[in-house]
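The values are calculated or read from the model by the stated rules, or taken from the named source; none is laboratory data. Model, not experiment: these values are computed from the prediction. FYI the Cβ positions are ideal-geometry reconstructions off the backbone, even for glycines, and counts take in every protein chain you see.
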Amino acid sequence: MPSESTVDLSAVRKFINGELLYREDQQIDPQANLIESGVIDSMTLLRLISFLEENYHIEIPDQEIMPDNFRSMSAIETFLRRRVGPGAADERAQ
């Protein structure tokens with residue numbers, strides 16, 4: 001069983017680089033604020049959420065669509081670990 005800390009973010013990085021930054025070769029600092037820098041705004045956030053739901057086979061409830069969950073790659077990773085990591089199915093069922 002994979003550990004809670006293993007969430008493959010390569011697809012997320014590729015999506016952000018290709019679809020939001022339009023620069024396939026750019027490295028994203030895990031702590032960089034994607035919202036303040038303008039990479040993620042209201043429209044691109046909807047695209048990102050749709051991508052995450054499709055790619056990770058999850059449903060993101062409206063109450064979890066908040067800036068803190070999508071502010072940086074680190075925040076996205078933490079959010080995904082909660083949603084797809086061990087015990088996430090039990091948490092979602094509640």
Is it the case that Ser37 is under 14 Å from Ser72 (Cα atoms) and hydroxyl-bearing (Ser, Thr, Tyr)?
yes
Counting only residues in the range 58-67 that are outside any helix (DSSP H, G or I) and over 14 Å from Arg81 (Cα atoms), the one farthest from the chain's Cα centre (by Cα) is identified as Pro61
Six or more apart or on different chains, Cβ under 7 Å: which pairs go from a residue in the range 25-42 that's at negative phi to one that's loosely packed, with under 14 Cβ neighbours inside 10 Å and at pLDDT 90 or above? Could you list them?
Pro30/Ser74; Gln31/Ser74; Ile35/Pro67
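Could you list, in sequence order, all residues of the range 61-80 that are surrounded by fewer than 17 Cβ atoms within 10 Å (Cβ to Cβ) and either closer than 20 Å to Ser10 by Cβ or polar (S, T, N, Q) (or both)?
Across the range 61-80, the qualifying residues are Gln63, Ser74, Glu77, Thr78.
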Residues of the range 10-27 satisfying the condition of being crowded, with 17+ Cβ neighbours inside 10 Å and either among the β-branched types (Val, Ile, Thr) or part of a loop (DSSP other than H, G, I, E, B) (or both):
Val12, Ile16
Among residues belonging to the range 28-57 that are part of a loop (DSSP other than H, G, I, E, B) and in contact with a Pro (Cβ under 9 Å, 6 or more places away or on another chain), point out the one that is surrounded by the fewest Cβ atoms within 10 Å (Cβ to Cβ).
Ile35
